[in-house]
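Worksheet: one structure, shown below.
The values are calculated or read from the model by the stated rules, or taken from the named source; none is laboratory data. Predicted model only: the values in this text are computed from it and were never measured. Cβ coordinates were reconstructed from backbone atoms using ideal geometry, including for glycine residues, and neighbour counts include every protein chain displayed.
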Amino acid sequence: MRGYVRKGVSAVGFPFRTVLLRLEDCLGHLGPVATAAVLGGLAAAATVLVHAVLIWIEGGPDAPVAYFNIPAQSLIVAVPLALYARHVIVELERSRRELRQMAQRLAVAAEEAQQANRAKSTFLANMSHELRTPLNAILGFSEIMKDEHLGPVSNPRYLGYAADIHASGRHLLGIINDVLDLAKIEAGGMSLEGVAEFALVPALASTLAMLTGLGEKQRVALGTEWPEQSVRIVAVERMVRQIVINLAGNAIKFTPPGGRVGLKGTLAEDGGFLLCIRDTGVGMSEGEVALALMPFGQNRRKMAVTQEGTGLGLPLAKAMMELHGGTLTIESAPGCGTAVTLRFPPERVKVRKRAAA
């Protein structure tokens, strides 16, 4: 009995609903004309029955011709409506079939895309690993040659070539490391192994010291502003340093000479920690921000065409922040600079009062 009762239908309406469901099932196997004929006949029969009942209740005279006129009028009205209704039902059913087929195709395409993305990430990870091994040898041998560990090199041009090989190898190794890290994150192979609690401000200060030379070369001033409290972060220190290097390095590269890059750390109201890296550089539009957050996405305008890079700095920093449960947001406008805000969640932040001097 329950097989014919749908949700929201009481037991009182069960027989009527059962009849309708069976009628619907029968009509589904008929063509448009046959369906219209059946519905029209049912309408005519119902009309005659209702007419007879009303005459019997009123107790008035009844003309036999009325039993023919009323069904004829009902058929004239009901048949076109039934034909049109049947046409609409057929079109709706066809649309439902097409939507189901489209949904199935989209599901298959999405699965294929995910498989292709995983295969790409695995390929990049394997290739990056294979490339790092010979690169380490190139770096080691070129460093021995340029530093003349095994004896003096008589031709100074050879020393210059060795230094160029070493510098190029280190640059290529940095790119490969970025590709490898991003591929691991996308493939779900990057973990927070080595997570530990460390003092954030000293780590950031030593990290920024590595960018002093780049700032002097670009003639861009570096400034910092830290909270009074001693902030400690539970995270992978290597990743935090890499995030800051990527973001601050980009800020310096895309800031014209005479500009400024500032880092400001503040405690959030919910107990988290906010680190804002703001520059006075060329800035980006909303579309350029979206492009910059995509792997290998680079904005080809103004200073961007003169700067080296693979377009992995921002995507890698964002992925590493999300791996720690944090977020990376960007506010920028063309000609108005860029502000990148890193938010560390409260569970990774520990605050202590600084000791009095």
**OP:** With the checklist (1) touching a helix residue (DSSP H, G or I) at 6+ places or on another chain (Cβ under 6 Å); (2) modelled with pLDDT of 90 or more in hand, flag the one item Gly265 doesn't pass.
**Re:** (1)
Subject >> Residue match in the stretch 300-309 (condition: in contact with a helix residue (DSSP H, G or I) (Cβ under 6 Å, 6 or more places away or on another chain), modelled with pLDDT under 85 and within 12 Å of Asn250 (Cα to Cα)) >> reply: yes
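Scanning for something within 35 Å of the chain's Cα centre (by Cα), loosely packed, with under 12 Cβ neighbours inside 10 Å and either assigned to a helix (DSSP H, G or I) or not aromatic (Phe, Trp, Tyr) (or both), does the stretch 149-168 turn up at least one residue? If you could, list the steps in order and put the result at the bottom.
Initial filter on the stretch 149-168 (within 35 Å of the chain's Cα centre (by Cα)): 168.
Okay, now just the ones that are also loosely packed, with under 12 Cβ neighbours inside 10 Å, so none.
No: zero hits.
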**OP:** Could you look through the stretch 106-148, keep only residues that are touching a residue at least 12 places away in the same chain (Cβ under 8 Å), of a type in the set (S, T, N, Q) and over 20 Å from Ala163 (Cα atoms), and pick out the one that is surrounded by the fewest Cβ atoms within 10 Å (Cβ to Cβ)?
**Re:** Asn117
**OP:** Quick one: Pro202 ticks every box in (1) in the same structural domain as Gly258 (by TED's automatic domain parsing); (2) touching a residue at least 24 places away in the same chain (Cβ under 8 Å); (3) within 30 Å of Lys350 (Cα to Cα) except a single one, so which number is it?
**Re:** (2)
Original post:
Restricted to the stretch 237-264, and to residues that are of a type in the set (A, V, I, L, M, F, W, C) and not in a helix (DSSP H, G or I), which residue is nearest to Pro345 (Cα to Cα)?
Top reply: Leu263
**OP:** Mind listing whichever residues of the stretch 212-229 are within 15 Å of Leu275 (Cβ to Cβ) and among the aliphatic types (A, V, I, L, M)?
**Re:** Leu222
Subject >> Conditions (1) at pLDDT 80 or above; (2) more than 30 Å from Ala34 (Cα to Cα): number failed by Ala116 >> reply: (1)
**OP:** Taking the residues in the stretch 192-236 that are of a type in the set (Ser, Thr, Tyr) and assigned to a strand (DSSP E or B) as candidates, determine which candidate is modelled with the lowest pLDDT.
**Re:** Ser230
